[in-house]
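To keep things clear, I will list the structure first and then write my remarks on it.
The values are calculated or read from the model by the stated rules, or taken from the named source; none is laboratory data. All of these numbers come straight from a predicted model, not from anything done at the bench. No Cβ is skipped: glycine too gets one built from the backbone with ideal geometry, and neighbour counts run over all protein chains shown.
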Amino acid sequence: MIVKSIDPNIATPYIQRLFSGREIDAEGKGPWIELIGKAGTPTELNTIYQSLVVDIGLKPSTQNRIATALLEAARNRNTRPDGDLGAIGHFLSDKTNKELKVLAVQIIGQWKMVQFIPQLAEFAGRENDAPLREAAFAALRAIGQKAKPYPRSSLKSKTSLLSPRFGASFSRSPPSPNA
């Protein structure tokens, strides 16, 4: 299809007309998902986003294609769906397939969704899941956070290097000059 090979700015009005009145089915038939990712407006992106978060009958391959299209629109054109996008957080659960979870983490980073920083920090601390860990670090950097390998809760349980056991001492008054 010629719409895939032309500049997204030129293709956008054609995508709007071609997709008008259509919906994404469970199998994700047709090129619509990818076309919307390449040249869709926030309105079309919202249509596929709503399909992703609301339609429980979507096949996993269709979910992954939608997530990839949303990520591509955010990365390449700085475009995202309109409205509340917090439902993307449902894909951070352990019940979500790994590929979709990694895509959701990447989307969260591109959309700079600060409300998910605790979950991203927890994923960044997982040493047994390299793709998720790398995506979490990248998302934290994209949001503007310094990536730390451990969430705060796990750091609290570790022995503090400033504890008296390690020779640190604190006083309220400045040291005396005679000392």
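Could you say whether any residue in segment 64-78 is among the basic types (Lys, Arg), within 23 Å of ALA130 (Cβ to Cβ) and within 11 Å of the chain's Cα centre (by Cα)?
Within segment 64-78, none of the residues are among the basic types (Lys, Arg), within 23 Å of ALA130 (Cβ to Cβ) and within 11 Å of the chain's Cα centre (by Cα).
Listed residues LEU140, LEU85, LEU120, LEU132; which is under 16 Å from TYR49 (Cβ atoms) and either in contact (Cβ under 8 Å) with a residue 12 or more places away in the chain or touching a strand residue (DSSP E or B) at 6+ places or on another chain (Cβ under 7 Å) (or both)?
LEU85
Looking at segment 40-72, which of its residues are more than 15 Å from VAL105 (Cα to Cα) and small (Gly, Ala, Ser)?
Within segment 40-72, GLY40, SER51, GLY57, SER61 meet the criteria.
Based on what the data block shows, is SER173 at pLDDT below 95, of a type in the set (Ser, Thr, Tyr) and surrounded by 10 or more Cβ atoms within 10 Å (Cβ to Cβ)?
no
Given the conditions (1) farther than 24 Å from ILE36 by Cβ; (2) crowded, with 19+ Cβ neighbours inside 10 Å, which single one is not true for PRO81?
(1)
Considering only segment 45-59, state which residues are surrounded by 14 or more Cβ atoms within 10 Å (Cβ to Cβ) and within 19 Å of the chain's Cα centre (by Cα).
LEU45, ASN46, THR47, ILE48, TYR49, GLN50, SER51, LEU52, VAL53
Can you give me the number of residues within segment 57-109 that are in a loop (DSSP other than H, G, I, E, B) and either touching a Leu at 6+ places or on another chain (Cβ under 8 Å) or not basic (Lys, Arg) (or both)?
14
Taking interchain pairs and intrachain pairs at least six residues apart, which have beta carbon atoms under 7 angstrom, with the first residue in segment 100-111 and modelled with pLDDT of 95 or more and among the hydrophobic types (A, V, I, L, M, F, W, C) and the second surrounded by fewer than 23 Cβ atoms within 10 Å (Cβ to Cβ) and outside any helix (DSSP H, G or I)?
What qualifies is TRP111/ARG80; TRP111/LEU85.
Examine segment 90-100 for a residue that is within 18 Å of GLU44 (Cα to Cα) and either within 13 Å of the chain's Cα centre (by Cα) or surrounded by 16 or more Cβ atoms within 10 Å (Cβ to Cβ) (or both), and state whether such a residue exists.
No; the residues of segment 90-100 include none that is within 18 Å of GLU44 (Cα to Cα) and either within 13 Å of the chain's Cα centre (by Cα) or surrounded by 16 or more Cβ atoms within 10 Å (Cβ to Cβ) (or both).
Scanning for something at pLDDT 95 or above and either charged (D, E, K, R) or closer than 21 Å to LYS38 by Cα (or both), does segment 129-140 turn up at least one residue?
yes
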